[in-house]
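Here is the structure we will look at.
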Amino acid sequence: MAEQKNNLLSKNLGLIRSLIVKQKRYDYAFAGLGMFIIASLTIALLILFIDLVIDGYPRFTLDFFSNFPSRRAARAGILSAWVGSSLVLFVTFFAAVPLGVAAGLYLEEYAKKNWFADLIEINVSNLAGVPSIIYGLLALGLFVYGFGLGQTILTAGLTLALLMLPIVIVSTREAIRAIPIHIREAAYAVGATKWQVCLHHIIQYSYGGILTGIIIGMARAIGETAPIITIGALTFIAFLPPSPIGIEPPFLNFEWLNSGFTVLPIQMFNWISRPQLAFHVNAAATGAVIIMLTLLMNGAAIKIRYNIRKKIKW
Amino acid sequence: MVVKKQNKIAKHNEIIKAESKNLNFFYADGTQALNDVSLPVYENKITALIGPSGCGKSTFLRAFNRMHDLYPGNRYEGQIILQPDNTNILDKGVDPIEVRMRISMVFQKPNPFPKSIFENVAYGLRVRGENNKRTLDNKVEDALKGASLWQEVKDRLNDLAFNLSGGQQQRLCIARALATEPEIMLFDEPTSALDPIATMNIEELMSSLKQKLSILIVTHNMQQAARISDYTAYMYLGKLVEHDNTNQIFTNPSKKETEDYITGKFG
C-alpha cells in the first residue's frame, strides 16, 4: 500500500518536473532574446563611439579646448563652442527649472482634476515629442522677431528651455506621484496648509526624481542643433561673450546674454561640412566631447536618483 | 436641544466633548457611507468604533478631522459639534486646518515622514510657526515622553524615523499627534500592522492618554475595544446600531445584531 503510494508520488513528481522544464523554456528564450538585443545595440554604439574617439584622437589636447576656430584645422579649437554651450545651458536651466517644477507641482497638487487638466496633460506629453525644429521656428518668430531679442545667447537659452520644459514637467509630476498618499495625509492631519505640504514634504521627497528629469532634459538640450541653427546661431566665431563676472561693482553683468554665440553641435556640423579631411578630425573630436558630456550627465542623473532612493523609504 | 443634551449626560453621566448629529456622508461617486449617525464622544474617555469591514467606521472617524476634504467631490450632511465652543466642525465656514489643529489623528499604517525623529515630532509645532529651539526641544521631549518613546530614542533624535521598529514608528506618530496638545485624538486601527507586544504598548499608552484628552478609536479587534475603551459603538452598513458603556455592549447588548457580531455569529 505504502509502496503503491510512493510509486504514484514519484510518477507525479516526474510529471511536475518535466512540466516545469517545459514551461521554463519561455523564460530562457525571452531572457536570451533580450540579452542578445541589448548586447548587439550596446556593442554597435560602443564601436561607433570608439571609432569617433580614434578619429578625433589627434585633437585631444588642451589647445583644442582653449583655441578659437581657425582656418587651419590643426590650430582650430572649440573654445567659443563650449563656452557658448555652457552659457546657453545656464540660461536654459534658470528658465526651464523654476517654471517646469512649479508647473508640475501645480498640476499635481493644486489643479482640479477635470477635462481641462486632462487637456493640459495630453498637450504637455505631446510637446515632449514635438520635433525640435518646430521649437526653432517658434523661437525665431517669437523671441527673435516678436520680442526682438535677436540671435543671442538669451534667445538660444529660452528656445532650449521650451524644449526642456515638458521633460521637467513630466518628470516632476511622476516624482510627485510616487509619494504615497499616507505621507500627505500625515502632514495634513497635523494642520499643514497645502503650501506647507508642498514645501516641507512634496518637493523634498521628490527632488531626486525632479533632478533626474532636469539633468536628462539638459543632456538633451546640449546636443540640440536644429532649433539653434533655425534661430541663426553663428557657425564661425572667434570671440567670447563678455564675462558674466566683472572685477568692478556690481560684479555681475548681463551683456553676455545679448552676445552672438555658437554651440558644440553647430561647431561640429560646421567642420563636418568642410571638404578638407583635417576638419573631419576636429568634428570627430567634438562629437566625442558631446557624447562624453551627455554620458556624464545621464550617469550623474542615475547616481543621484540611486542615492536619494536609498535615503527615502516609505 | 438642551433637554436632549442633558438626557445624554444623564444617561451616561459624562461630559460631551464632541457629538455627531444626523451625520450623512457621501463619497464622490455617490455612495452613501454614513447614514444618520448621531454619536457622542465623551471627554477624557475612550470611545471605540467596531463593526465589520466597510461599515463606515473609518469614514466616520475621518469626518472628525475633515480628511475627506482632501479629495474632491466628497460631501457631508449633518453636524459634528465640538465643545466647549459649540462649533460645527463640518460647517463650510470652518477651515479644515483649524479642525485638524484641534483634533489630531493616528493612522492605521505608521506613516512617519522621511525625516529625523525630532523633525517628525516637531512638525506640528513648525506648521504653527514655532521656531524657537528651546520651546521645540521641550515640547518634543514632552510629546515623546507622553508617547512612552523618550527612553528609547533620546540619544538618537537625529536618526531617520525609518530606523525605528514598526511599533516605535507608531508611537512616534502618536507623539507627533500629541505634540500640538490636541483636544481629541483619532486612532484608525492603530495596531493592525503591529505585533502583539507593540500592540500592548500602544494600548497602555492610549489608556494613559485619556487623562489629557478624548479618544475616538476605530478597531477591528473586539478584544481591543473591550480592553481599552469606556464606550463602544457598533456600526453596520453606515448606520449606528448601538452605543453604550463598553461593559454593557460586551455583556448585555440591547440589540440582537450587536450580540451576533460580538459573539462571532456574524462579521
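The values are calculated or read from the model by the stated rules, or taken from the named source; none is laboratory data. Owing to the predicted nature of the structure, the values given are computational and were not obtained by experimental measurement. Using ideal geometry, Cβ is built from the backbone for each residue, glycine included, and neighbour counts are taken over all protein chains shown.
So in the stretch B:171-181, with the set limited to residues that are touching a residue at least 40 places away in the same chain (Cβ under 8 Å), part of a helix (DSSP H, G or I) and out of contact with any strand residue (DSSP E or B) (no Cβ under 7 Å at 6 or more places or on another chain), which one is nearest to the other protein chains (Cβ to nearest Cβ)?
Step one: filter the stretch B:171-181 for residues touching a residue at least 40 places away in the same chain (Cβ under 8 Å), giving B:172-180.
Subset that is part of a helix (DSSP H, G or I): B:172-178.
When the remaining residues are screened for being out of contact with any strand residue (DSSP E or B) (no Cβ under 7 Å at 6 or more places or on another chain), the result is B:172, B:175-176, B:178.
Details: B:Leu172: 11, B:Ala175: 11, B:Arg176: 7, B:Leu178: 10 Å.
Here the answer is B:Arg176.
Of A:Phe65, A:Phe30, A:Phe49, which residue is surrounded by 12 or more Cβ atoms within 10 Å (Cβ to Cβ) and not assigned by TED's automatic domain parsing to the domain that holds A:Ala161?
Details: A:Phe65 fails: not assigned by TED's automatic domain parsing to the domain that holds A:Ala161; A:Phe30 fails: surrounded by 12 or more Cβ atoms within 10 Å (Cβ to Cβ).
Result of the check over A:Phe65, A:Phe30, A:Phe49: A:Phe49.
Taking only the stretch B:36-75 into account, find how many residues are among the small types (Gly, Ala, Ser), part of a strand (DSSP E or B) and surrounded by fewer than 24 Cβ atoms within 10 Å (Cβ to Cβ).
In the first step, residues of the stretch B:36-75 are kept if they are among the small types (Gly, Ala, Ser); the result is B:38, B:48, B:51, B:53-54, B:56, B:58, B:63, B:73.
Still in the running and part of a strand (DSSP E or B): B:38, B:48.
Filter again for surrounded by fewer than 24 Cβ atoms within 10 Å (Cβ to Cβ), leaving B:38.
Residues that pass the stated criteria total 1.
Among the residues that make up the stretch A:209-219, is at least one of them under 13 Å from the mean Cα position of the chain (by Cα), surrounded by fewer than 22 Cβ atoms within 10 Å (Cβ to Cβ), farther than 30 Å from B:Leu70 by Cα and not hydrophobic (A, V, I, L, M, F, W, C)?
Within the stretch A:209-219, not a single residue is under 13 Å from the mean Cα position of the chain (by Cα), surrounded by fewer than 22 Cβ atoms within 10 Å (Cβ to Cβ), farther than 30 Å from B:Leu70 by Cα and not hydrophobic (A, V, I, L, M, F, W, C).
Look at the stretch A:116-137 and say how many of its residues are assigned to a helix (DSSP H, G or I), farther than 20 Å from A:Ser171 by Cβ and touching a residue at least 12 places away in the same chain (Cβ under 8 Å).
Number of matching residues: 3.
Do any residues in the stretch B:86-112 that are more than 8 Å from chain A (Cβ to nearest Cβ) have Cβ atoms under 7 Å from those of residues that are surrounded by fewer than 17 Cβ atoms within 10 Å (Cβ to Cβ) and part of a helix (DSSP H, G or I), where the two are at least six apart or on different chains, and which pairs are they?
From residues that are more than 8 Å from chain A (Cβ to nearest Cβ), the pairs are B:Pro110/B:Gly166.
Residues being at pLDDT 90 or above and over 29 Å from A:Met268 (Cα atoms): count how many of those fall in the stretch A:207-222.
1
So which residues in the stretch A:174-207 are in contact (Cβ under 8 Å) with a residue 24 or more places away in the chain, surrounded by 21 or more Cβ atoms within 10 Å (Cβ to Cβ) and at the interface with chain B (Cβ under 7 Å from one of its Cβ atoms), if there are any at all?
Answer for the stretch A:174-207, where residues must be in contact (Cβ under 8 Å) with a residue 24 or more places away in the chain, surrounded by 21 or more Cβ atoms within 10 Å (Cβ to Cβ) and at the interface with chain B (Cβ under 7 Å from one of its Cβ atoms): just A:Tyr205.
For the stretch B:113-129, how many residues are at the interface with chain A (Cβ under 9 Å from one of its Cβ atoms) and among the β-branched types (Val, Ile, Thr)?
Residues in the stretch B:113-129 being at the interface with chain A (Cβ under 9 Å from one of its Cβ atoms) and among the β-branched types (Val, Ile, Thr): 1 in total.
Looking at the structure I just gave you, is A:Thr212 touching a Leu at 6+ places or on another chain (Cβ under 7 Å), in contact (Cβ under 8 Å) with a residue 40 or more places away in the chain and either within 12 Å of chain B (Cβ to nearest Cβ) or part of a helix (DSSP H, G or I) (or both)? Break it down stepwise before answering.
Details: touching a Leu at 6+ places or on another chain (Cβ under 7 Å): no; in contact (Cβ under 8 Å) with a residue 40 or more places away in the chain: yes; either within 12 Å of chain B (Cβ to nearest Cβ) or part of a helix (DSSP H, G or I) (or both): yes.
So A:Thr212 fails the test.
Quick check on my filter: what residues within the stretch B:132-162 are more than 13 Å from chain A (Cβ to nearest Cβ) and exposed (fewer than 14 other Cβ atoms within 10 Å of the Cβ)?
Listed by number, the residues that qualify are B:Asn132, B:Lys133, B:Arg134, B:Thr135, B:Asp137, B:Asn138, B:Gln151, B:Lys154, B:Asp155, B:Arg156, B:Asn158.
Do we have A:Ile231 as more than 14 Å from chain B (Cβ to nearest Cβ), crowded, with 20+ Cβ neighbours inside 10 Å and either among the acidic types (Asp, Glu) or over 30 Å from A:Val53 (Cα atoms) (or both) here? Walk me through it before giving the result.
Values: more than 14 Å from chain B (Cβ to nearest Cβ): yes; crowded, with 20+ Cβ neighbours inside 10 Å: yes; either among the acidic types (Asp, Glu) or over 30 Å from A:Val53 (Cα atoms) (or both): yes.
So A:Ile231 passes the test.
So is B:Ala48 small (Gly, Ala, Ser) and more than 14 Å from every other protein chain (Cβ to nearest Cβ) or not?
So B:Ala48 passes the test.
Can you tell me which residue among B:Glu98, B:Glu119 is surrounded by 16 or more Cβ atoms within 10 Å (Cβ to Cβ) and among the charged types (D, E, K, R)? Explain how you work it out, then say what you get.
On the way: B:Glu98 fails: surrounded by 16 or more Cβ atoms within 10 Å (Cβ to Cβ).
Matching residue, one of B:Glu98, B:Glu119: B:Glu119.
Please find, among B:Ser192, B:Ser214, B:Ser165, the residue that is under 20 Å from B:Arg100 (Cβ atoms), away from chain A (no Cβ under 12 Å) and in contact (Cβ under 8 Å) with a residue 24 or more places away in the chain.
On the way: B:Ser192 fails: under 20 Å from B:Arg100 (Cβ atoms); B:Ser165 fails: under 20 Å from B:Arg100 (Cβ atoms).
Of the residues listed, the single one that is under 20 Å from B:Arg100 (Cβ atoms), away from chain A (no Cβ under 12 Å) and in contact (Cβ under 8 Å) with a residue 24 or more places away in the chain is B:Ser214.
Among the listed residues A:Ile20, A:Ile37, A:Ile50, A:Ile16, identify the single one that is under 30 Å from A:His280 (Cα atoms) and without any contact (Cβ under 8 Å) to a residue 12 or more places away in the chain.
Numbers: A:Ile20 fails: under 30 Å from A:His280 (Cα atoms); A:Ile37 fails: under 30 Å from A:His280 (Cα atoms); A:Ile16 fails: under 30 Å from A:His280 (Cα atoms).
Only one candidate qualifies: A:Ile50.
Just need a number here: residues in the stretch A:275-314 that are within 14 Å of chain B (Cβ to nearest Cβ) and surrounded by 13 or more Cβ atoms within 10 Å (Cβ to Cβ).
So the count comes out to 3.
Residues of the stretch B:229-240 being in contact with a helix residue (DSSP H, G or I) (Cβ under 7 Å, 6 or more places away or on another chain) and buried (at least 20 other Cβ atoms within 10 Å of the Cβ), which ones?
Looking only at the stretch B:229-240, we keep the residues that are in contact with a helix residue (DSSP H, G or I) (Cβ under 7 Å, 6 or more places away or on another chain), and these are B:229-232, B:234-236.
Of everything in the stretch B:229-240, those that are in contact with a helix residue (DSSP H, G or I) (Cβ under 7 Å, 6 or more places away or on another chain) and buried (at least 20 other Cβ atoms within 10 Å of the Cβ) turn out to be B:Ser229, B:Tyr231, B:Thr232, B:Tyr234, B:Met235, B:Tyr236.
State all residues of the stretch A:78-114 that are aromatic (Phe, Trp, Tyr) and more than 14 Å from chain B (Cβ to nearest Cβ); if no residue qualifies, say none.
Our first condition is that a residue be aromatic (Phe, Trp, Tyr); within the stretch A:78-114, this holds for A:82, A:90, A:93-94, A:106, A:110.
The answer is A:Trp82, A:Phe90, A:Phe93, A:Phe94, A:Tyr106.
Quickly run through the stretch B:204-221 and pick out the residues that are within 23 Å of B:Thr251 (Cβ to Cβ) and surrounded by fewer than 20 Cβ atoms within 10 Å (Cβ to Cβ). Full working, then the answer.
Looking only at the stretch B:204-221, we keep the residues that are within 23 Å of B:Thr251 (Cβ to Cβ), and these are B:206-207, B:210, B:215-221.
Once the filter is applied, which keeps residues that are within 23 Å of B:Thr251 (Cβ to Cβ) and surrounded by fewer than 20 Cβ atoms within 10 Å (Cβ to Cβ), the stretch B:204-221 yields B:Ser207, B:Lys210, B:His220, B:Asn221.
If we only count helices (runs of 4 or more DSSP H) wholly inside the stretch A:1-115, which ones have 2 or more residues that are over 26 Å from the mean Cα position of the chain (by Cα)?
On the way: elements: A:2-56, A:62-66, A:79-105.
Those helices (runs of 4 or more DSSP H) span A:2-56, A:62-66.
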